[in-house]
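Engineer: First the structure, then my questions, so here it is.
Rule-based calculations on the coordinates, nothing more; no lab input. These numbers come from a predicted model, not from an experiment. Virtual Cβ from ideal backbone geometry, glycine too; neighbours counted across all protein chains shown.
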Amino acid sequence: MSKKAGSHPADGGNRAASDFVVPRSVAVIMDGNGRWARSAGFERIRGHEKGTDSVRTTVTECAQLGVEALTLYAFSEENWERPKREINLLMGLLRRFLVDERPTLMQNNVRLLHAGRRQRLDSDILRLLDETMALTADNSGMRLCLAISYGGRQELADAVRSIAREVAAGSLAPEAVDEATISARLYQPTLPDPDLLIRTAGELRVSNFLLWQISYAEIHVSPVCWPDFGKEQLHEAFRDYGRRVRKFGKVHG
Ligand code: IPE
Ligand code: IPE
Ligand code: MG
């Protein structure tokens with residue numbers, strides 16, 4: 001057990017049986033699929049394929065450790081600018097994932113959610129997404145939120161637009177707009193803000209991910225590319241989290 005584990009606020013994590021703290025809410029920027037593939041002499045898509053195994057391992061392990069909410073950055077609004085062929089291959093993997101992972105989600109009592117804009121996604125992807133969300137809707141364990149066609153700025157723009165509409169309609173007073181008003185209009189308003197943000201492949205940037213929600217998240221950057229991210233790297237992230245002292249702007253101790 002980490003010495004500092006007990007210093008975490010009650011809402012920030014559960015003590016686990018081994019030497020780390022399990023955060024309540026985790027978000028992951030799954031990066032480095034292309035680099036992994038290139039360094040192994042493959043096409044980029046092989047990295048995305050291999051990355052699906054890391055998704056399964058991470059989802060299963062987080063669910064079993066008692067994480068309440070896991071948000072995975074699968075496809076950003078800016079990723080639409082990638083070559084058409086790569087986008088098509090990524091969407092093909094997503095289709096497969098949304099069907100093949102159903103037994104794993106059910107076995108682990110995981111409920112699937114989506115964060116992002118639906119407009120640009122193909123209708124068959126939306127159908128599979130909706131079917132899997134409906135299938136898992138009554139699962140009471142971890143909530144798995146896939147960020148697909150997601151952008152943090154776009155999410156805030158969408159929230160501001162919906163607030164503007166309500167103000168124009170007279171159902172919301174401008175003076176009543178506060179942080180809770182904005183939080184309530186995000187794509188998944190009931191998910192707790194991430195306690196821990198993990199990014200793989202060593203990049204020190206947030207790439208338009210959950211800009212509002214990560215204001216007090218602890219950040220762990222793993223050097224390994226996403227296809228090499230497994231249980232060991234997840235546990236290392238939770239050990240790193242267990243060593244953090246969260247202050248939320250206050251004076252600690
Ligand atoms: C992350 O891997 C997967 C997506 C963004 C869809 P990348 O495809 O960004 O891999 P690198 O960063 O080019 O290595
Ligand atoms: C962030 O990775 C998006 C996802 C992981 C889905 P990118 O590879 O798109 O981010 P940048 O371009 O390195 O900032
Ligand atoms: Mg990348």
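Engineer: Rounded to whole Hz and in sequence order, give me ³J(HN,Hα) for segment 28-39 from the Karplus expression 6.51 cos²θ - 1.76 cosθ + 1.60, θ = phi - 60°, writing x for Gly and Pro.
Structural biologist: Each residue of segment 28-39 in turn: 10, 8, 7, 10, x, 4, x, 5, 4, 5, 4, 5 Hz.
Engineer: Give me the distance in nm between label points sitting 7 Å out from Cα along the Cα-to-Cβ direction at Met91 and Ala134, one decimal.
Structural biologist: Label-label distance for Met91 and Ala134, simple model: 2.2 nm.
Engineer: Could you derive backbone 3J(HN,Hα) for segment 185-196 from the dihedral phi with the Karplus parameters 6.51, -1.76 and 1.60 (θ = phi - 60°), listing whole Hz in sequence and x where the residue is Gly or Pro?
Structural biologist: These are the phi-based 3J(HN,Hα) values: 10, 7, 4, 10, x, 8, 6, x, 4, x, 7, 10 Hz.
Engineer: Note down the net charge around Ala169, summing +1 for each Lys or Arg and -1 for each Asp or Glu among other residues with Cβ under 15 Å from its Cβ.
Structural biologist: On the way: positive: Arg161, Arg165, Arg185; negative: Glu166.
Once all neighbours under 15 Å are counted, the net charge is +2.
Engineer: For the chain, which longest stretch is free of loop sites, where a loop site is one of the chymotrypsin sites (Phe, Trp or Tyr not before Pro) that DSSP puts outside H, G, I, E and B and that has at most 14 other Cβ atoms within 10 Å? Could the numbers behind the result be given before it?
Structural biologist: On the way: sites that count: Phe42, Tyr216, Phe248.
Between the exposed loop sites, the longest stretch runs 43-215.
Engineer: List the residues, sorted by chain then number, that are 5 or more residues from Val221 or on another chain and whose placed amide H is less than 5 Å from its amide H.
Structural biologist: For Val221, the qualifying residues are Arg199.
Engineer: May I pose another question? Kindly work out what percent of the DSSP beta bridges joining two residues of the chain are antiparallel, to the nearest 5.
Structural biologist: Values: 3 of 28 bridges.
Roughly 10 percent of the beta bridges in the chain run antiparallel, per DSSP.
Engineer: Further, regarding this structure: Kindly write out, for segment 87-103 in residue order, the coupling ³J(HN,Hα) from the Karplus curve 6.51 cos²θ - 1.76 cosθ + 1.60 (θ = phi - 60°), rounded to whole Hz, with x marking Gly and Pro.
Structural biologist: Once θ is set to phi - 60°, the couplings for segment 87-103 become 4, 4, 5, 5, 5, x, 5, 5, 4, 5, 4, 5, 9, 5, 7, 4, x Hz.
Engineer: Next up: Just to confirm the filter: which trypsin sites (Lys or Arg not before Pro) across segment 157-253 are DSSP coil and have at most 11 other Cβ within 10 angstrom of their Cβ?
Structural biologist: Numbers: sites: Arg161, Arg165, Arg185, Arg199, Arg205, Lys231, Arg239, Arg243, Arg244, Arg246, Lys247, Lys250; in loops: Arg185, Arg205, Arg243, Arg244, Arg246, Lys247, Lys250.
Sites meeting the loop and neighbour criteria: Arg205, Lys247, Lys250.
Engineer: Let me ask something additional. Pull up all non-local amide H partners of Leu172: gap of 5 or more, or a different chain, and H-to-H distance under 5 Å with H placed in the peptide plane.
Structural biologist: Correct list: Val167.
Engineer: Full extension from Gln64 to Thr190: what is 0.36 nm times the residue separation minus their Cα-Cα distance, to one decimal in nm?
Structural biologist: Difference between extended and current length: 43.2 nm.
Engineer: How large is the helix-only mean residue ellipticity at 222 nm for the chain, computed as the sum of -39500 (n - 2.57) over DSSP H runs with n ≥ 4, divided by its residue count, in deg cm²/dmol to the nearest 500? Intermediate values should be presented prior to the final figure.
Structural biologist: Working: 8 runs with 100 residues, N = 253.
Rounded to the nearest 500, the figure is -12500 deg cm²/dmol.
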